[in-house]
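The values are calculated or read from the model by the stated rules, or taken from the named source; none is laboratory data. The shown structure was predicted, so the numbers you read here are calculated from the model rather than taken from an experiment. Using ideal geometry, Cβ is built from the backbone for each residue, glycine included, and neighbour counts are taken over all protein chains shown.
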Amino acid sequence: MKRLYFITQSLDSAEKISDDVHNMGVKDWNFHVMSRNEAGLYKRHIHSSNIYHDNNILRQAERGGLIGAFVGASMVLVSNFSPSIDFSIFSTLGVIVFLMFIGSWFGGFLGIHQESYKVAKFHDALDLGKFLVMIDVSAKNMHLIEDMMIEKHSEAQHGGVGSTLILPF
């Protein structure tokens, strides 16, 4: 899936884009609007972004999990050279999974306090009161949405194309 980003100036424009995108068959699950004016989005029943769009919680949780798994595997590897410690396969997996879980939890906790790396480039526009429209579409339907936006919503500035995947690095 690809994520299309558009910046618009007004709540009216965001609402019209929402209606047109929904008429094209895009469900709420694949359409989000980010704004500093959450109350306005709520009052007009516009599907707003969620914590996973706003913050780096998933990215940092992935990073923490990878670091935790690496630390766990390193601890088990180092302890296997000790003659007094003998880990079974279940103990080895338990240590790695436990530290991966702790790393994910800690990473997610840190990520909730960071702005999403995917929308960081739109930070200034959002602070100026603009609205970020995010539309998730398949690669084959991407041009249909872009053409509709050019035809019906020339006021919306194209902000780029990204991926819906959240990569740890």
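Miscellaneous remarks
- Applying the condition of being farther than 19 Å from residue 10 by Cβ and either touching a residue at least 40 places away in the same chain (Cβ under 8 Å) or hydroxyl-bearing (Ser, Thr, Tyr) (or both) to the stretch 120-147 and asking which residue is surrounded by the most Cβ atoms within 10 Å (Cβ to Cβ) yields 137.
- Being within 30 Å of residue 98 (Cα to Cα), surrounded by 15 or more Cβ atoms within 10 Å (Cβ to Cβ) and of a type in the set (Ser, Thr, Tyr) is a property that residue 18 lacks.
- Subset of the stretch 19-47 [touching a residue at least 40 places away in the same chain (Cβ under 8 Å) and within 12 Å of residue 153 (Cα to Cα)]: 20, 21
- Scanning the stretch 148-169 for residues that are surrounded by 11 or more Cβ atoms within 10 Å (Cβ to Cβ) and without any contact (Cβ under 8 Å) to a residue 60 or more places away in the chain gives a single hit, 150.
- Residue satisfying condition, being surrounded by fewer than 15 Cβ atoms within 10 Å (Cβ to Cβ) and either small (Gly, Ala, Ser) or in the same structural domain as residue 103 (by TED's automatic domain parsing) (or both), within set 61, 39: 39
- Residues of the stretch 10-30 satisfying the condition of being in contact with a His (Cβ under 8 Å, 6 or more places away or on another chain) and not hydroxyl-bearing (Ser, Thr, Tyr): 16, 17, 20, 28
- Residue 21 in a helix (DSSP H, G or I), assigned by TED's automatic domain parsing to the domain that holds residue 140, in contact with a strand residue (DSSP E or B) (Cβ under 6 Å, 6 or more places away or on another chain) and among the hydrophobic types (A, V, I, L, M, F, W, C): yes
- Check on residue 107, surrounded by 15 or more Cβ atoms within 10 Å (Cβ to Cβ), touching a residue at least 24 places away in the same chain (Cβ under 8 Å) and under 30 Å from residue 6 (Cα atoms): yes
- Against the conditions (1) β-branched (Val, Ile, Thr); (2) in contact with a strand residue (DSSP E or B) (Cβ under 7 Å, 6 or more places away or on another chain); (3) surrounded by fewer than 13 Cβ atoms within 10 Å (Cβ to Cβ), residue 46 satisfies every one except (3).
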